[in-house]
Amino acid sequence: MIPGTLRLRQPSVWQAALAQAISDPAELLEAVGLGPQLLPAARAAGNSFPLRVPRGFVARMTKGDPGDPLLRQVLPLDAECVAVHGYGRDPVGDLAAMVAPGVLHKYHGRVLLTATGACAVHCRYCFRRHYPYGQATAASGRWGDALAHISSDPAVSEVILSGGDPLMLPDWRLEELTQALQDLPQVRRLRIHTRLPVVLPERVDPGLLEWLVRTRLQKVMVVHANHPREIDASVRRAFAGIRDSGVTLLNQSVLLRGVNDDVATLAGLSETLFEAGVMPYYLHMLDRVQGAAHFAVDEAAAQALMAQLAAQLPGYLVPRLVREMPGADAKIPLAFGVGGGAAE
Ligand SMILES: *Cc1c(COP(=O)(O)O)cnc(C)c1O
Ligand code: SF4
C-alpha cells in the first residue's frame, strides 16, 4: 500500500460515527427531551472532564427522564464539583505501579498497557478522569519501552490492553502491537478492556474482526456495561462477531447509585449479557475519585445486594464484587451472605 493512499482514505464508518458523538450538553438535553434546567450545571461540571457520548448510546435512553440510568452515566452534574473527603485524583495507586510510560505492572503475570487516553464515551464515574495521559500512555510509537519491560519478565503470560479505550486505536496500530507481542514467547494471552462494543458497536467492523482472528494469542475481551438497556440489537451483533472470532467475552460493571444499585437491574444485566454470549466477571465498587462521590454505594448495601443476587441467579451469572486497593496483590473480593462466607 502506498502511504499516501492511506492518508487520503475516507474515515471508516466507526470513525465517522465517533466524530458525530455529542459533546454539547445543550444538544444532549434536547436529544433526550429535557429542558435547559440542567444545562448550567452540565456546562460547569463538563469543564474539567467534558461531555462525550455517541449518538447510538443516546438513542437507548428513555426520553424525558432526567434519572435515566444511561443518561446518568454521561451527563455532567453539579455534584461533581463538590469536594468530598476521601476522594482523590489517583484512587487506585496506578501512578505508583507504572514501570514505564503507560505500563502498569501491579499483578503477577499480567501487564496492563494504557494504549491511549481516548474514549468514545466519558463516564462520569471514571477513575481515570484525572489521569495524566500525556505522560502515561504507551501509544504514539512508544511501544518500545513497554515491550522491553514485558520481554524482561518471563512470568508475564498475559498482556492487557486498556486505556482510555484501546479500540480507539486504528486497526493498523493494534496490528503493529500484537505483531510485536506475538514475538515474545512467554506471552500467551491478549486481553482487551473496552467499552466500545457497547457504546460504539460500529467499531466492531470486518477489519477489527480480522485482526482478532489473525493473532496466535488466546483472546479475552472484557467489555463494560452497567445496565441491561445498554445492550440493544446492534450491541448483540457486535458481541456475536467478536465471539465468532474466537474471543472469550466477559463483562465488568461498576456498582453505581441511581444506575444499577438494585437487584432487578443487576439480575437483568447478568441475564441480558448471558443471552448475548457474555459472562459476568466483575462488579466493581466505585473507585474513590474526586467528582464521583454521588455514585457511591456503601459497602454494607453492596453486600446485601450481592446476597440477594446470589439467591436469585445461577452461580455463573453472579459477578464477583471487588474493590481495588492500592498496593494489594489482586483486586479484593468483598465477602457477602449469611455467616460472612467468602465471595468465591
Ligand atoms: C484489574 C487489573 C488487572 C487484571 O486483574 P484481573 O483480576 O486478572 O482481572 C491487571 N492489572 C491492573 C493494573 C488492573 O487494574
Ligand atoms: S476508561 Fe472506561 S469507564 Fe473511563 S471514561 Fe473511558 S470508557 Fe468510560
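The values are calculated or read from the model by the stated rules, or taken from the named source; none is laboratory data. Note that the structure is a prediction, hence the values are computed from the model and not measured. All Cβ positions, even for glycine, are placed from backbone atoms using ideal geometry, and neighbour counts span all protein chains on display. Heavy atoms of the whole protein, side chains included, go into the accessibility calculation; ligands, DNA and RNA do not. Shrake-Rupley method; radii C 1.70, N 1.55, O 1.52, S 1.80 Å.
Couple of notes before you dig in:
- Filter result (surrounded by fewer than 20 Cβ atoms within 10 Å (Cβ to Cβ) and modelled with pLDDT of 95 or more) within region 286-296: ALA293, HIS294
- Residue within region 190-201 that is farther than 15 Å from PRO166 by Cβ, open to solvent by 40 Å² or more (accessible area, probe 1.4 Å) and not aromatic (Phe, Trp, Tyr) present: no
- Being assigned to a loop (DSSP other than H, G, I, E, B), among the acidic types (Asp, Glu) and within 16 Å of ligand 1 (Cβ to nearest atom) is a condition met by at least one residue of region 87-109.
- Sole residue being closer than 28 Å to ARG191 by Cα, open to solvent by 30 Å² or more (accessible area, probe 1.4 Å) and in contact (Cβ under 8 Å) with a residue 12 or more places away in the chain, chosen from VAL103, VAL99: VAL99
- GLY277 being surrounded by fewer than 22 Cβ atoms within 10 Å (Cβ to Cβ) and in contact with a His (Cβ under 9 Å, 6 or more places away or on another chain): no
- Unmet requirement for GLN312, which otherwise passes all of (1) open to solvent by less than 20 Å² (accessible area, probe 1.4 Å); (2) away from ligand 1 (no atom under 16 Å from the Cβ); (3) over 19 Å from ARG124 (Cβ atoms): (1)
Yes or no, residue by residue, for (1) modelled with pLDDT under 95; (2) among the acidic types (Asp, Glu); (3) within 16 Å of ligand 2 (Cβ to nearest atom):
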site: VAL156; (1), (2), (3): no, no, no
site: VAL159; (1), (2), (3): no, no, no
site: ARG173; (1), (2), (3): yes, no, no
site: GLU176; (1), (2), (3): yes, yes, no
site: GLN182; (1), (2), (3): yes, no, no
site: ARG188; (1), (2), (3): no, no, no
site: ARG191; (1), (2), (3): no, no, yes
site: THR194; (1), (2), (3): no, no, yes
site: VAL198; (1), (2), (3): no, no, yes
